[in-house]
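Student: If you scroll down you'll find the structure; I have some questions about it.
Every number here is computed from the coordinates shown, using simple stated rules; none is lab data. Just so we're clear, the structure is a prediction, and the values are computed from it rather than from any experiment. Please note: Cβ atoms are built from the backbone with ideal geometry, for glycine as well, and neighbour counts cover all protein chains shown.
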Amino acid sequence: MKDGEPAEVTNFGLRALPPGASVSDLTSKIDAATRARVIDGASAMLNEFYVSPETAKQMEDAVRARQKKGEYDSVTDGDAFAKMLTENFQEVSHDKHLRVNVSPMKLPQNPPSPNPEAAAQNRRQMERINCGFDKVEILPGNVGYLKFDMFADPDVCGPTAVAAMNFLGNVDAIIFDLRENGGGDPKMIAFLTTYLFSAPTHLNDLWVRKTDATQQFWTLPYVPGKRLDGKPAYVLTSNRTFSGGEEFTYDLKNLKRATIIGETTGGGAHPVAGHRIDDHFTIGVPFAKAINPISKTNWEGTGVEPDVKVPAADALTTAQKLVKEKLAAK
């Protein structure tokens, strides 16, 4: 705030208290030793795991230069420091998956192994949000419409996906609404995409820098219910469509299996994994990159360009108009 200027909120956040915690347990104050430790730890994780070792070194060098000039010296709030480091790393990498995070509660030294109770809790949470499936309906003209905002684990959410696709099993065309889809599990991408093909189809590859190994993703040999191969397909996008939502879009665009309508997507093609830095700080490090078998590249930093570019708010009505014209021409 400055004299004579109105107050302005520049940063705001909410935190959920874990079971058994109290407000007094929360702390976000940091000192010089913490700042140095976090910069050292984040740099080490990036150099070991980040998908591009050259970019990892460039990110470290940029932050070290800022550290040397004292740009972080006055930062005593953990949230502000995590935000600054995230922005400074992203200024070099332009990688929207990369983030430094802070927890006001002390993080466990060794994260607990998955257990039946945690799995049951995850399943209940997915059921409460219907696995991200928001709307499924048949629009006028026997056009299927499916809006889903994430690609959840098919081991948990496969039945929900099957129910949605089976409800649309007899439509003459289908619209996938991914305008609010932030990504998720590549296995669910392959699962849903399978409904659009009759023959085995190579969708995407993931190359992991640490192991120098490549994993292929193909459509599945079997999915329950009717397939919609041969039926016109449309994908709605926005600038919020991200990560796995972009892969689904990019795969179908390169395979010429769907018409993409809306806005250029967010531009994140690197899967991310979390790493503990100290008792309170973690970093999400993108560790792999998508490689499309047709384009031999991906959408990192560029996003997926739609075939028909319109504001996201107009994407559905535009798709319905195009579907009507397509079906009338048959």
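Student: For L107 and E127, what is the calculated FRET efficiency with R₀ set at 30 Å and r taken between the beta-carbons, to the nearest 0.05?
Tutor: Numbers: r = 28 Å, r/R0 = 0.93.
It comes to 0.60.
Student: Can I ask one more? Let me have the 222 nm mean residue ellipticity of the chain computed from DSSP H runs of 4+ only, each contributing -39500 (n - 2.57), with the sum over all residues rounded to the nearest 500.
Tutor: For the chain, the value works out to -11000 deg cm²/dmol.
Student: Report the relative contact order of the stretch 31-113, percent, no decimals, based on alpha-carbon pairs under 8 angstrom and at least 6 residues apart.
Tutor: Rounded, it is 26 percent for the stretch 31-113.
Student: Here is a further query. Restricting to Cα pairs below 8 Å that are 6+ residues apart, what does the relative contact order work out to for the chain? Please round to a whole percent.
Tutor: 18 percent
Student: While we're here: Which entry in (1) 1.04; (2) 1.12; (3) 0.98 is this structure's computed Cα Rg over 2.2 N^0.38 Å?
Tutor: Working out Cα Rg over 2.2 N^0.38 Å from the coordinates points to (2).
Student: Follow-up. I'd like to verify something in the chain: which complete DSSP H helices, judged by Cα projection on the helix axis, reach 24 Å or more and average at least 0.0 on the Kyte-Doolittle scale?
Tutor: Helix filter hits for the chain: 32-49.
Student: Follow-up question, since we're still on this one. Check cross-link reach from K321 to the lysines: straight Cα distance under 22 Å, and skip same-chain residues fewer than eight apart.
Tutor: Reachable lysines: K135, K147, K231, K253, K256, K309, K330.
Student: Also: At 7 Å along Cα-to-Cβ for each site, give me the label-to-label distance between W207 and A65 in nm.
Tutor: Rounded to a tenth, the inter-label distance reads 2.8 nm.
Student: Calculate the dipole size of the stretch 64-181 relative to its Cα centre from +1 charges on Lys and Arg beta carbons and -1 charges on Asp and Glu beta carbons; express the result in debye to the nearest 20.
Tutor: Computed about the Cα centre, the dipole is about 420 debye.
Student: Scan the chain and report its longest stretch carrying no chymotrypsin sites (Phe, Trp or Tyr not before Pro) that are both in a DSSP loop and have at most 11 other Cβ atoms within 10 Å. List each step's numbers first, then the result.
Tutor: Numbers: sites that count: F12, Y222.
Value returned for the longest uninterrupted segment is 13-221.
Student: By the scheme Lys and Arg +1, Asp and Glu -1, what is the net charge of all other residues having a beta-carbon under 12 Å from that of N166?
Tutor: Local charge sum for N166: +2.
Student: Under unit Cβ charges (Lys, Arg +1; Asp, Glu -1), what dipole magnitude, rounded to 20 debye, does the chain have relative to its Cα centre?
Tutor: I would put it at about 800 debye.
Student: Taking loop as defined by DSSP and a crowding limit of 13 other beta carbons within 10 Å, which GluC sites (Glu not before Pro) in the stretch 58-165 fit?
Tutor: Details: sites: E60, E71, E87, E91, E117, E127, E137; in loops: E71.
Listed in order of number, the matching sites are E71.
Student: Which stretch or stretches of the stretch 165-203 have amide N atoms under 12 Å from the point lying 7 Å from L327's Cα along the Cα→Cβ direction?
Tutor: Once the point is set 7 Å along Cα→Cβ of L327, 170-175 turn out to lie under 12 Å by backbone N, inside the stretch 165-203.
Student: Quick one: dipole size for the stretch 137-256, taken about the Cα centre, charges +1 on Lys/Arg Cβ and -1 on Asp/Glu Cβ, in debye to the nearest 20.
Tutor: On the way: 11 positive and 14 negative charges, 41 e Å.
Rounded to the nearest 20 debye, it is 200 debye.
Student: Charges on Cβ only, +1 for Lys and Arg, -1 for Asp and Glu, centred on the Cα centroid of the chain; of H275, S243, A82, which one is farthest towards the dipole's positive end?
Tutor: Of the options given, the answer is S243.
Student: Find out how many positive minus negative residues lie around P306, taking Lys and Arg as positive, Asp and Glu as negative, among other residues whose Cβ is under 13 Å from that of P306.
Tutor: -2
Student: I want the local charge near F133. Using Cβ-Cβ distances under 13 Å, sum +1 for each Lys or Arg and -1 for each Asp or Glu among the other residues.
Tutor: Summing Lys and Arg as +1 and Asp and Glu as -1 gives -3.
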